[in-house]
Amino acid sequence: MSEARRTRVGAYAAWQLRDYAKDRGLPTLIVSMLTGYLGLGPMLQEMPSRTARVSPTLLARFGSADAVYAARMAEFNQVFLHGVLGTLVFVGALFAMNGIVSNDRKQGYYRFLFAKPVTPSRYYGQAFVVHWAGFVGVMVLLALGYGAVIWPVLSRPLLVAIASMFVAYSGIAFLLSAAARWDWLSLVAVSVVATLLWARFGESAHPLARLLYLLPPLHRADEVYAWAAAPAHAADAALALPWPILLWLTGYGAACFLAGLVVLRYRRLAIV
Amino acid sequence: MIAFDHVGKRYRAIVGRDVRALEDFTLELHAGEVFGLAGPNGAGKTTLIALLLGFLGPSEGSVRIAGLEPRRYAEAHGIGYLSELVSIPPMWRTEEALRRYAQLAGVPAGRVRSRVSEVIEWMGLGEHRRKRVKQLSKGNLQRLGLAQSLLCEERVVVLDEPTHGLDPVWTQRFRDVVTALRREDRVILIASHNLDELSRLADRVGIIDRGRLQRVVDVRTGAERTVGEATSYRVTIARGAELVALVFPAARPMGRGEFALEGLTLDAVNAGLAELLARGALVRAVYPAHTMLEQQFREVVAARGAE
């Protein structure tokens with residue numbers, strides 16, 4: 001018997017990144033820009049221009065007209081980002097993970113792929129990481145574009161929030177895609193059901209309420225977005241880094257991703 | 001090299017009865033042989049191949065390739081595989097698809113381009129290398145599927161309906177491909193409805209029906225065995241067709257100078273032909289009505305009909 005052949009799945013990441021950019025990254029970019037534009041339009045109209053007169057009170061408080069404008073923009077960005085981040089990350093995760101495994105199974109593409117010396121868990125695990133990196137890249141592009149047109153927003157908290165919340169959503173989507181056929185629908189259903197049940201029974205003292213911990217804590221995702229949207233200078237204690245919830249959400253997504261890998265390791269690929 | 005040991009496969013149904021696709025299937029395929037798999041639609045051929053690639057798991061029994069569970073074998077060594085339905089993302093281009101598959105198959109980085117060019121030339125896809133998969137005709141798509149299965153020197157090659165959609169020229173060339181693939185340390189499994197194809201290419205042919213291996217026909221030794229057996233022939237006469245009825249009283253005219261001769265041994269046919277020629281007839285062609293494999297296949301299917 002010949003020795004095992006060295007597959008080159010690692011090098012295949014370049015193809016996976018190309019696929020992401022063409023099939024998922026570009027739609028994510030376009031939908032995000034449209035979402036942002038629809039949200040920004042009305043807000044910008046209400047925003048006083050840079051040359052608008054500034055009240056003496058504000059001048060006295062901030063020191064100069066530029067400082068007043070900067071403070072206004074910081075507030076503007078906070079409101080805008082807080083409002084839009086959740087949608088962008090959810091839609092981005094949905095686009096990135098939709099059919100990541102199930103599409104190959106439904107379309108039969110798995111037959112040629114996995115007759116090669118390739119492990120499905122390795123192949124799709126790598127695709128997950130590539131899509132994650134691609135999504136963060138798209139978000140960085142958007143942030144840079146926003147910075148060039150409106151006001152700089154790219155910050156470490158923003159990147160941490162985007163990268164970790166993507167893991168939260170896409171980890172769940174990955175597991176659903178590995179285990180079920182209708183993954184995008186399942187992700188929407190899980191997200192809605194989890195948010196509703198947490199909101200309805202989250203405060204309940206009933207023993208059965210503990211079962212809620214099996215569901216993702218998506219109802220608290222807003223705390224992460226609020227933190228990420230806060231201006232860099234914010235000293236508000238309420239906007240301190242929400243580590244516990246960030247770890248809970250990211251950990252939940254990461255656990256789902258690992259469970260998805262286990263499913264891929266042991267589940268047969270053929271759909272009958 | 002490949003061993004099916006009392007393999008059964010049952011598809012569970014949520015409503016209604018389970019479907020048994022394979023039952024007590026036992027067979028060994030040896031390195032160096034070309035094994036054909038024949039059977040009517042729904043006989044279990046595709047299920048058997050899915051089990052061999054580890055895309056499905058058996059409900060009973062075991063499948064082993066070189067002692068390994070199929071999925072482990074495929075992940076370690078790869079299997080040259082052409083599926084019945086060639087499914088490749090439609091937006092990929094021909095050459096791009098082959099480069100991707102070559103990379104996954106473990107073709108060394110420095111060899112990918114040259115190897116891809118080799119198989120493109122071998123499969124006559126040169127003028128289609130920049131086309132998208134969705135732009136390929138059925139025959140070209142089939143050749144692309146075949147090309148990707150030949151990228152690496154696999155020890156196990158599984159071809160499911162390989163000539164499906166191919167024109168006569170490429171059907172002929174496919175035989176050359178299989179001849180070129182023959183190697184002492186390689187086993188080639190070909191599943192096909194085309195019995196003529198299998199009888200030309202395979203050393204042995206397994207006939208499968210209703211999920212069971214009905215019989216294994218040794219095509220090469222089987223050809224010698226038919227010499228003494230009574231079987232059906234067709235004879236085509238260019239001149240002297242009226243003489244046929246004198247020599248072969250049971251001959252049935254089929255039109256255009258062709259006659260069906262039923263239940264004759266090869267000796268009887270030759271004796272009759274000699275007499276025809278002696279009487280001045282001119283014989284254009286003589287051939288068995290069914291190949292030996294076709295006869296065996298008909299027997300299996302007829303046995304089912306009789307049940």
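The values are calculated or read from the model by the stated rules, or taken from the named source; none is laboratory data. Owing to the predicted nature of the structure, the values given are computational and were not obtained by experimental measurement. In this analysis, Cβ positions are derived from the backbone assuming ideal geometry, glycine residues included, and neighbour counts consider all displayed protein chains.
Please specify each residue of region B:87-96 satisfying the condition of being crowded, with 22+ Cβ neighbours inside 10 Å and facing chain A (nearest Cβ under 10 Å). Step through it out loud before you land on a result.
Kept after step one, since they are crowded, with 22+ Cβ neighbours inside 10 Å, are these residues of region B:87-96: B:88, B:94.
Of everything in region B:87-96, just one residue is crowded, with 22+ Cβ neighbours inside 10 Å and facing chain A (nearest Cβ under 10 Å), namely B:I88.
Mind telling me which of the residues A:L154, A:L175 ends up being more than 30 Å from B:V158 (Cα to Cα), assigned to a helix (DSSP H, G or I) and more than 14 Å from the chain's Cα centre (by Cα)? Walk me through how you get there before you give the answer.
On the way: A:L154 fails: assigned to a helix (DSSP H, G or I).
A:L175 is the lone residue from the list that is more than 30 Å from B:V158 (Cα to Cα), assigned to a helix (DSSP H, G or I) and more than 14 Å from the chain's Cα centre (by Cα).
Scan region B:267-285 for residues that are surrounded by fewer than 16 Cβ atoms within 10 Å (Cβ to Cβ) and either modelled with pLDDT under 85 or not acidic (D, E) (or both) and jot them down. Steps first, please.
Of the residues in region B:267-285, the ones surrounded by fewer than 16 Cβ atoms within 10 Å (Cβ to Cβ) are B:267-268, B:270-271, B:274-275, B:277-280, B:282, B:284-285.
Within region B:267-285, B:A268, B:N270, B:A271, B:A274, B:L277, B:A278, B:R279, B:G280, B:L282, B:R284, B:A285 qualify.
Please list, ordered by first then second residue, the pairs with beta carbon atoms under 8 Å, 6 or more apart or interchain, first in region A:88-108 and more than 14 Å from every other protein chain (Cβ to nearest Cβ) and in contact (Cβ under 8 Å) with a residue 60 or more places away in the chain, second part of a helix (DSSP H, G or I) and basic (K, R).
A:F95/A:R24; A:A96/A:R24; A:N98/A:R24
Among all residue pairs at least 6 apart or on different chains, which show Cβ distances below 7 Å where the first residue, located in region B:100-129, is in the same structural domain as B:A180 (by TED's automatic domain parsing) and the second is surrounded by fewer than 20 Cβ atoms within 10 Å (Cβ to Cβ) and among the small types (G, A, S)?
B:Q103/A:A11; B:A109/A:A11; B:I120/B:G126
Restricting attention to region B:53-74, report how many residues are at the interface with chain A (Cβ under 10 Å from one of its Cβ atoms) and crowded, with 23+ Cβ neighbours inside 10 Å.
Going through region B:53-74 one residue at a time, the tally reaches 7.
Given B:R130, B:R113, which one is away from chain A (no Cβ under 12 Å), assigned to a helix (DSSP H, G or I) and surrounded by fewer than 17 Cβ atoms within 10 Å (Cβ to Cβ)? Full working, then the answer.
On the way: B:R130 fails: assigned to a helix (DSSP H, G or I).
That would be B:R113, the only listed residue that is away from chain A (no Cβ under 12 Å), assigned to a helix (DSSP H, G or I) and surrounded by fewer than 17 Cβ atoms within 10 Å (Cβ to Cβ).
Can you confirm whether region A:199-210 contains a residue that is under 21 Å from A:T87 (Cβ atoms) and free of Cβ contacts under 8 Å to residues at least 60 places away in the same chain? Reasoning before the result, please.
If we filter region A:199-210 for residues that are under 21 Å from A:T87 (Cβ atoms), which is where we start, we get A:199.
Okay, now just the ones that are also free of Cβ contacts under 8 Å to residues at least 60 places away in the same chain, so A:199.
There is at least one residue in region A:199-210 that is under 21 Å from A:T87 (Cβ atoms) and free of Cβ contacts under 8 Å to residues at least 60 places away in the same chain.
Return the total of residues in region B:39-92 being part of a loop (DSSP other than H, G, I, E, B) and of a type in the set (S, T, Y). It would help to see each step written out before you state the result.
Residues of region B:39-92 that are part of a loop (DSSP other than H, G, I, E, B), as a first pass: B:39-44, B:53-59, B:66-67, B:69, B:78-79, B:83-92.
Among the residues that remain, those that are also of a type in the set (S, T, Y) are: B:59, B:83, B:87.
Matching residues across region B:39-92 total 3.
Among the residues of region B:264-298, how many are hydrophobic (A, V, I, L, M, F, W, C) and not in a helix (DSSP H, G or I)? I'd like the intermediate steps shown before the answer.
If we filter region B:264-298 for residues that are hydrophobic (A, V, I, L, M, F, W, C), which is where we start, we get B:264, B:266, B:268-269, B:271, B:273-274, B:276-278, B:281-283, B:285-286, B:289, B:292-293, B:297.
Restricting the remaining residues to those that are not in a helix (DSSP H, G or I) gives B:264, B:281-283, B:285-286, B:289.
Summing the residues that are hydrophobic (A, V, I, L, M, F, W, C) and not in a helix (DSSP H, G or I) in region B:264-298 gives 7.
Looking only at region A:38-63, which residues are outside any helix (DSSP H, G or I) and either loosely packed, with under 11 Cβ neighbours inside 10 Å or touching a residue at least 24 places away in the same chain (Cβ under 8 Å) (or both)?
Here is the first cut: in region A:38-63, the residues outside any helix (DSSP H, G or I) are A:47-55, A:63.
Passing the criteria: A:M47, A:P48, A:S49, A:T51, A:R53, A:S55, A:G63.
Please work out which one of (1) surrounded by 14 or more Cβ atoms within 10 Å (Cβ to Cβ); (2) part of a helix (DSSP H, G or I); (3) not basic (K, R) is the condition A:V9 fails and give its number.
Failed condition: (2).
Matching residues to (1) modelled with pLDDT under 90; (2) outside any strand (DSSP E or B):
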{"position": "B:H164", "(1), (2)": "yes, yes"}
{"position": "B:L189", "(1), (2)": "no, no"}
{"position": "B:V227", "(1), (2)": "yes, yes"}
{"position": "B:S232", "(1), (2)": "yes, no"}
{"position": "B:V235", "(1), (2)": "no, no"}
{"position": "B:L243", "(1), (2)": "no, yes"}
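Just checking, how many residues over region A:1-23 are at pLDDT below 90 and hydrophobic (A, V, I, L, M, F, W, C)?
Result for region A:1-23: 3.
Conditions tested, residue by residue: (1) in a loop (DSSP other than H, G, I, E, B); (2) under 19 Å from B:E197 (Cα atoms).
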position	(1), (2)
B:R99	no, no
B:Q142	no, yes
B:L151	yes, no
B:L159	no, yes
B:T171	no, yes
B:F174	no, yes
